[in-house]
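A short worksheet on the structure shown next.
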Amino acid sequence: MAVLVVAEHDNTEIKPATLNTVTAAGQIGGELAILVVGHNCRPVAEAAAKIAGVGRVLLADQPHLEHHLAENVAPLVASLARDYSHVLAPATTYGKNVMPRVAADLDVAQISDISGIESADTFIRPIYAGNALAVVQSRDSIKLITVRGTAFDAAPAEGGSAAVESVPDTGDQGLSRFVKQDLSVSERPELTTAHIVISGGRGMGSGENFALLETIADKLGAAVGASRAAVDAGFVPNDYQVGQTGKIVAPDLYIAVGISGAIQHLAGMKDSKVIVAINKDEEAPIFQIADYGLAADLFDVLPELAKELDK
Amino acid sequence: MKVLVPVKRVIDANVKIRIKADNAGVETTNVKMSMNPFDEVAVEEAIRLREAGTAQEVIAVSLGVARCQETIRTALAMGADRGILVETDVELEPLAVAKLLQAVVEKEKPDLVIMGKQAIDGDCNQTGQMLAALLGWAQGTFISKLAIGQGTAEVTREIDGGLEMLSLKMPAVVTVDLRLNEPRYASLPNIMKARKKPLERLLPEELGVDVAPRLVTLKVEEPPKRQAGVKVANVAELVDKLRNEAKVI
Ligand SMILES: Cc1cc2nc3c(=O)[nH]c(=O)nc-3n(C[C@H](O)[C@H](O)[C@H](O)COP(=O)(O)OP(=O)(O)OC[C@H]3O[C@@H](n4cnc5c(N)ncnc54)[C@H](O)[C@@H]3O)c2cc1C
Ligand SMILES: Nc1ncnc2c1ncn2[C@@H]1O[C@H](COP(=O)(O)O)[C@@H](O)[C@H]1O
């Protein structure tokens, strides 16, 4: 058995979800290689070589791979995949974009968003917004998998000393062109890796009111998230969205403020260690899964909470 | 321009699902079924392109059991021009769906396929990307904006870090996020009219596609239940619990 992990990175740094994917790969067993696809990304390959447990680093460094366009990345991954029993990538928007294309190239199924590994061919994955867990066995010769980051610990970023080797290019397909990116910049921790997340819902009333959450986030070193309703209403950008069709988080502490607790939202946060709900409606479903519930108006609670945390 | 919109019949998003007693799957008999919410957004976008004069024809396609006709009729009532049902009782995996859609695309030769980013039953998020790969076309996934240019589709994608803008060579496949638009409701007269719109029925064999599954579902289980905790009376008690009981701050 040999496992290939497709690294997610921005040509400068490895994204943390890659480390969780390496842990999943380790549970499958066998030799472990990491593939770094991008441009001017040798530092990423060198960082990948240091990840504990990694045996080889494959580097594809080409101008047409700079923006990780799926049409160019997928054929490259597919060209290497036949040497492996398993190919894994994080179930992030990066992995979700590229991996099904690789699966189709290889004529194999993709097993999406696995949260557990039973054996080399049997995996657990949430379906129906996490309201059911399916145990699926693959009959394909190559198992193509995306990995739910919150279900696996991060592998140590240091401790390995793999060699970096270059792999042959598969060319520019010329199908799509990168125009630009509009990335959120924040001093706060990243949502999916933060130890504490505080999220606001429709109950926040406006984007300006999110400042109340940010004050508390800064006191706790927390990331700020949101429900789909808050994003759809334009209070905050799309990358704040937690849920079935947004980001999956599982911090030590999740504070839901003005969020009712729809199943699609719970799908993204119910594996958090401790959940706090602040909602003025005593009957809000979020209280059914909260460890600590405070039934009160958030506009009273948040300023008070900020003061109490200073004590 | 011709637009193809695949629409999936799924358990309605508001239904609380039940797992079958033998753990073989999720109960679907006597359960409210609807069009996958993302596919409603895809249908809406396609109709808007036609209303704007950018597209001339919108074809809704569904794959699965005979009752997927209802899903197609919903798309027709929203404004799609005609429908295609690829009928099979086999539970289709995304790869099989993508291969069937590839065959339909080769027959119909649309310029654009607009589909959902994810079906809310299997939560696979694969089919559009697979279809694009099989066709050798460009893909724009998870889009919240679409503009048709000169032989290109200009898309805004929702990615983990924010937004990304790509220019896709047409023909192309795009998969949509819910934020792309607000789907319309079908009016009663349009529901009546939809009954008379053409709906073609095909079989996987006719399309020459092997739909045999690659995965075996060994069992479907209930996830671990979370116990409800306690209500606290005020902020001071909450902070005290978080500091001294849960020890998370
Ligand atoms: C296909 C599909 C996918 C979806 N994906 C997601 C997803 O990924 N993530 C997601 O979050 N949702 C998702 N949704 C939407 C989901 O169904 C809910 O509509 C959404 O989560 C509701 O957001 P909310 O709780 O902020 O708003 P609401 O349900 O409107 O709840 C607002 C809450 O705020 C409380 N409130 C109001 N004012 C105050 C106040 N002053 N003080 C205290 N409390 C107050 C109210 O009591 C209420 O409980 C999806 C839906 C569909 C159909
Ligand atoms: N059986 C089906 N019939 C029609 N369209 C489908 C079917 N299965 C998947 N799709 C399309 O593919 C999208 C993504 O589905 P999935 O990859 O299963 O999450 C859906 O939103 C639909 O547009």
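The values are calculated or read from the model by the stated rules, or taken from the named source; none is laboratory data. Everything quoted here is computed from the prediction, not taken from an experiment. FYI the Cβ positions are ideal-geometry reconstructions off the backbone, even for glycines, and counts take in every protein chain you see. When the accessible area is computed, the model is the full protein with side chains, heavy atoms only, and any ligands, DNA or RNA have been set aside. Shrake-Rupley method; radii C 1.70, N 1.55, O 1.52, S 1.80 Å.
Out of all the residues in the stretch B:7-24, which are away from ligand 1 (no atom under 16 Å from the Cβ) and on the phi < 0 side of the Ramachandran plot?
Of everything in the stretch B:7-24, those that are away from ligand 1 (no atom under 16 Å from the Cβ) and on the phi < 0 side of the Ramachandran plot turn out to be B:18, B:19, B:20, B:21, B:22, B:24.
For residues that are under 28 Å from residue A:102 (Cα atoms), free of Cβ contacts under 8 Å to residues at least 60 places away in the same chain and surrounded by fewer than 22 Cβ atoms within 10 Å (Cβ to Cβ), scanning just the stretch B:58-101, find the one that is farthest from ligand 2 (Cβ to nearest atom).
This residue is B:89.
Looking at residue A:218, is it open to solvent by 30 Å² or more (accessible area, probe 1.4 Å), facing chain B (nearest Cβ under 9 Å), away from ligand 2 (no atom under 16 Å from the Cβ) and more than 25 Å from residue B:180 (Cβ to Cβ)?
No; evaluated as a whole, the condition is false for this residue.
Scan the stretch A:114-130 for residues that are surrounded by 19 or more Cβ atoms within 10 Å (Cβ to Cβ), facing chain B (nearest Cβ under 8 Å) and more than 16 Å from ligand 2 (Cβ to nearest atom) and report the count.
0
Conditions: (1) away from ligand 2 (no atom under 12 Å from the Cβ); (2) of a type outside the set (Phe, Trp, Tyr); (3) farther than 17 Å from residue A:129 by Cα. Residue B:16 meets all but one. Number of the miss?
(3)
Among the residues of the stretch A:244-256, which ones are more than 9 Å from chain B (Cβ to nearest Cβ) and touching a residue at least 60 places away in the same chain (Cβ under 8 Å)?
Selection gives A:248, A:249, A:250.
What single numbered condition from (1) open to solvent by 70 Å² or more (accessible area, probe 1.4 Å); (2) farther than 30 Å from residue A:285 by Cβ fails to hold for residue A:195?
(2) is the only condition that residue A:195 fails.
Are any residues in the stretch B:87-128 within 22 Å of residue B:148 (Cβ to Cβ) and not in a helix (DSSP H, G or I), and if so, which ones?
Scanning the stretch B:87-128 gives B:109, B:110, B:111, B:112, B:113, B:114, B:115, B:116, B:117.
Taking residue A:139, is it open to solvent by less than 50 Å² (accessible area, probe 1.4 Å) and under 30 Å from residue B:215 (Cα atoms)?
It is false that residue A:139 is open to solvent by less than 50 Å² (accessible area, probe 1.4 Å) and under 30 Å from residue B:215 (Cα atoms).
All but one of (1) in contact with a His (Cβ under 9 Å, 6 or more places away or on another chain); (2) under 22 Å from residue A:14 (Cα atoms) hold for residue A:152; which doesn't?
Tallying (1) in contact with a His (Cβ under 9 Å, 6 or more places away or on another chain); (2) under 22 Å from residue A:14 (Cα atoms), residue A:152 fails exactly one: (1).
For the stretch A:32-55, does any single residue satisfy the condition of being among the polar types (S, T, N, Q), more than 11 Å from every other protein chain (Cβ to nearest Cβ) and within 20 Å of residue A:15 (Cα to Cα)?
Scanning the stretch A:32-55 turns up at least one residue that is among the polar types (S, T, N, Q), more than 11 Å from every other protein chain (Cβ to nearest Cβ) and within 20 Å of residue A:15 (Cα to Cα).
Which residues, counting only those in the stretch B:120-138, are under 30 Å from residue B:27 (Cβ atoms), among the small types (Gly, Ala, Ser) and surrounded by 23 or more Cβ atoms within 10 Å (Cβ to Cβ)?
B:128
Filter the stretch A:103-113 down to the residues that are assigned to a helix (DSSP H, G or I) and at the interface with chain B (Cβ under 8 Å from one of its Cβ atoms), then identify the one that is most open to solvent (accessible area, probe 1.4 Å). Spell out how you get there, then give the answer.
Quick first cut of the stretch A:103-113, residues assigned to a helix (DSSP H, G or I) only: A:103-106.
Those left that are additionally at the interface with chain B (Cβ under 8 Å from one of its Cβ atoms): A:103-105.
Details: A:103: 0, A:104: 9, A:105: 68 Å².
That would be A:105.
So which of A:75, A:43, A:63 ends up being more than 15 Å from the chain's Cα centre (by Cα) and closer than 25 Å to residue B:212 by Cα?
Of the residues listed, the single one that is more than 15 Å from the chain's Cα centre (by Cα) and closer than 25 Å to residue B:212 by Cα is A:75.
Provide a single number: the residues in the stretch A:162-187 that are assigned to a loop (DSSP other than H, G, I, E, B) and either at pLDDT below 95 or at the interface with chain B (Cβ under 9 Å from one of its Cβ atoms) (or both).
Count: 7.
Looking at A:145, A:117 in this structure, which one is out of contact with any helix residue (DSSP H, G or I) (no Cβ under 7 Å at 6 or more places or on another chain) and hydrophobic (A, V, I, L, M, F, W, C)?
Of A:145, A:117, the one residue that is out of contact with any helix residue (DSSP H, G or I) (no Cβ under 7 Å at 6 or more places or on another chain) and hydrophobic (A, V, I, L, M, F, W, C) is A:145.
Which count do you get for residues in the stretch A:209-225 that are closer than 20 Å to residue A:297 by Cβ and among the small types (Gly, Ala, Ser)?
Of the residues in that region, 2 qualify.
Given the stretch B:143-249, what strands (runs of 3 or more DSSP E) lie entirely inside it while holding 3 or more residues that are surrounded by 14 or more Cβ atoms within 10 Å (Cβ to Cβ), without any contact (Cβ under 8 Å) to a residue 40 or more places away in the chain and more than 7 Å from chain A (Cβ to nearest Cβ)? Break it down stepwise before answering.
Numbers: elements: B:152-159, B:162-169, B:172-176, B:199-202, B:215-221.
So the answer is B:152-159.
Select from the stretch A:284-307 the residues that are over 16 Å from residue A:266 (Cβ atoms) and within 12 Å of ligand 1 (Cβ to nearest atom) and list them in ascending order.
Within the stretch A:284-307, A:294, A:295, A:296, A:297, A:298, A:299, A:300, A:301, A:302 meet the criteria.
Condition first: aliphatic (A, V, I, L, M) and near ligand 2 (Cβ under 10 Å from one of its atoms). Now tell me which residues in the stretch B:120-157 satisfy that.
B:120, B:130, B:131
Kindly list the number of the only condition in (1) more than 16 Å from ligand 1 (Cβ to nearest atom); (2) in contact (Cβ under 8 Å) with a residue 60 or more places away in the chain that fails for residue B:120.
(1)
Tell me whether the stretch A:294-311 contains one or more residues that are under 23 Å from residue B:14 (Cα atoms) and of a type outside the set (Val, Ile, Thr). Give the steps one after another, and end with the answer.
So the first thing to find is which residues in the stretch A:294-311 are under 23 Å from residue B:14 (Cα atoms), and the list is none.
No, the stretch A:294-311 contains no residue that is under 23 Å from residue B:14 (Cα atoms) and of a type outside the set (Val, Ile, Thr).
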